[in-house]
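The values are calculated or read from the model by the stated rules, or taken from the named source; none is laboratory data. Worth saying up front: this structure is predicted, and the values here are computed from it rather than measured. Glycine also receives a Cβ, built like all others from the backbone with ideal geometry; neighbour counts cover every protein chain displayed. Please note that ligands, DNA and RNA were not included when accessible areas were found on the heavy atoms of the full protein model with its side chains. Shrake-Rupley method; radii C 1.70, N 1.55, O 1.52, S 1.80 Å.
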Amino acid sequence: MSVPYAEVIGDPIAHSKSPQIHNLWLNRLGIKGEYRLTRLSADELPTFLDGRRGDPDWRGCNVTMPLKEAAPHLVERMSSAAAGTGAVNVITPTQSGLVGGNTDVDGVVALLPGPLSGRRACIIGAGGAARSAIYALASHSVHDIRIIVRRPELARDRLRNLSSGLAIFGEADASLAMTGAEIIVQASSGGMAGHAPLSRPVLEALDQAHPDASAVEMVYHPLETPFLRRTGELNFLISDGLDMLISQAAEAFRLFFGAAAPDRHYRDLRALLTS
């Protein structure tokens, strides 16, 4: 007997923790359905989506690397968050076609204590995750947003349409960018398994942030990163990569299965993801 299902697509995909998250929520809520892993290359994406369009049991998919760049061109409509960031991390079927969304935006906002308006923010990185963080903050009236990147000129070209309040700094000027930051989002691949670590100037710049800053790490593999260690030493309010993963997954779960993710199982879920 067929069951409603959603999935995460990308390549590589075996490391994804999304099935554990969504299947635990389905089980705890008693919802008939399942969440799967599907390994998929960018070349295979058009054919894959054509096939899923005709599947009545398919509730949608999360989109990860290397498909985020191709996905916006293959859906009929994009949410305001996806259109605003230019990044799609979730696709859902509707009667009028496929809709591309971006739940990273919801995830960032949910992790930060409000109100956000008028606060100073510093974001590390300029890729899709950084664009989501910029859009999330700008849409909540954070107008002083500093970006730290390795290649400022490239970042200016990629980010210029996201917010009028952006100031972009190279890593050599990281301390200036971080001065007085009340919100810090580590949205680069720095510290991710298989990638270069965050540079020393960026880590040292954290000393210049506001003493009561809130810090969000978007990397969850490995769970403990140099960014988290340093922000912990500085006693910032910290959300780690699993917090971010779970937070953005909650909105995707609602889109897929029409139910709110159960907050009361948060500790069980973290224990499952770290076992």
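Could you go through region 65-78 and let me know if any residue there is modelled with pLDDT of 95 or more and under 22 Å from S247 (Cα atoms). Spell out the reasoning first.
Let us first name the residues in region 65-78 that are modelled with pLDDT of 95 or more, namely 74-78.
Filter once more, so that each one left must be under 22 Å from S247 (Cα atoms): 78.
Yes, the conditions are met somewhere in region 65-78.
Hey, could you check region 13-45 for residues that are assigned to a loop (DSSP other than H, G, I, E, B), in contact (Cβ under 8 Å) with a residue 40 or more places away in the chain and of a type outside the set (S, T, N, Q) and say which is nearest to M65 (Cα to Cα)? Break it down stepwise before answering.
Step one: of region 13-45, the residues assigned to a loop (DSSP other than H, G, I, E, B) are 13-17, 30-33, 40-41.
Imposing the further condition that a residue be in contact (Cβ under 8 Å) with a residue 40 or more places away in the chain reduces the set to 13, 15-17, 31, 33.
From the residues that got through so far, the ones that are of a type outside the set (S, T, N, Q) too are 13, 15, 17, 31, 33.
Details: I13: 9, H15: 12, K17: 14, I31: 29, G33: 25 Å.
It comes out as I13.
Would you mind telling me which numbered condition in (1) more than 22 Å from H210 (Cβ to Cβ); (2) small (G, A, S); (3) more than 20 Å from the chain's Cα centre (by Cα) G127 fails? Going through the list (1) more than 22 Å from H210 (Cβ to Cβ); (2) small (G, A, S); (3) more than 20 Å from the chain's Cα centre (by Cα), G127 breaks only (3). Could you grab me the full set of residues in region 52-101 that are in a helix (DSSP H, G or I), in contact (Cβ under 8 Å) with a residue 40 or more places away in the chain, open to solvent by less than 40 Å² (accessible area, probe 1.4 Å) and of a type outside the set (A, V, I, L, M, F, W, C)? Answer for region 52-101, where residues must be in a helix (DSSP H, G or I), in contact (Cβ under 8 Å) with a residue 40 or more places away in the chain, open to solvent by less than 40 Å² (accessible area, probe 1.4 Å) and of a type outside the set (A, V, I, L, M, F, W, C): G84, T85. Taken together, D157, D106 contain a single residue that is modelled with pLDDT under 90, open to solvent by 60 Å² or more (accessible area, probe 1.4 Å) and not polar (S, T, N, Q), which is D157.
Look at G180 and say whether it is surrounded by fewer than 17 Cβ atoms within 10 Å (Cβ to Cβ), modelled with pLDDT under 95 and not in a helix (DSSP H, G or I).
Numbers: surrounded by fewer than 17 Cβ atoms within 10 Å (Cβ to Cβ): yes; modelled with pLDDT under 95: no; not in a helix (DSSP H, G or I): yes.
No; evaluated as a whole, the condition is false for this residue.
Look at (1) surrounded by fewer than 19 Cβ atoms within 10 Å (Cβ to Cβ); (2) outside any helix (DSSP H, G or I); (3) over 18 Å from the mean Cα position of the chain (by Cα); (4) not basic (K, R) and you find that I168 fails only one, number (1).
Against the test of being of a type in the set (D, E, K, R) and closer than 18 Å to L29 by Cα, the options D212, D243, D263, D207 yield a single qualifying residue, D263. Is region 34-52 home to any residue that is closer than 30 Å to S139 by Cα and more than 17 Å from the chain's Cα centre (by Cα)? No, region 34-52 contains no residue that is closer than 30 Å to S139 by Cα and more than 17 Å from the chain's Cα centre (by Cα). When restricted to residues that are open to solvent by 10 Å² or more (accessible area, probe 1.4 Å), touching a strand residue (DSSP E or B) at 6+ places or on another chain (Cβ under 6 Å) and either modelled with pLDDT under 95 or not in a loop (DSSP other than H, G, I, E, B) (or both), region 114-143 contains 2. Could you please let me know if G180 is in contact with a helix residue (DSSP H, G or I) (Cβ under 8 Å, 6 or more places away or on another chain) and at positive phi? Considered against the rule, which asks whether it is in contact with a helix residue (DSSP H, G or I) (Cβ under 8 Å, 6 or more places away or on another chain) and at positive phi, G180 comes out as yes. Only residues that are within 19 Å of the chain's Cα centre (by Cα), exposed (fewer than 14 other Cβ atoms within 10 Å of the Cβ) and over 28 Å from I123 (Cα atoms) were counted across region 224-275, and they come to 1. Inside region 252-275, residues that are in a helix (DSSP H, G or I) and under 28 Å from M78 (Cβ atoms) make up a count of 6.
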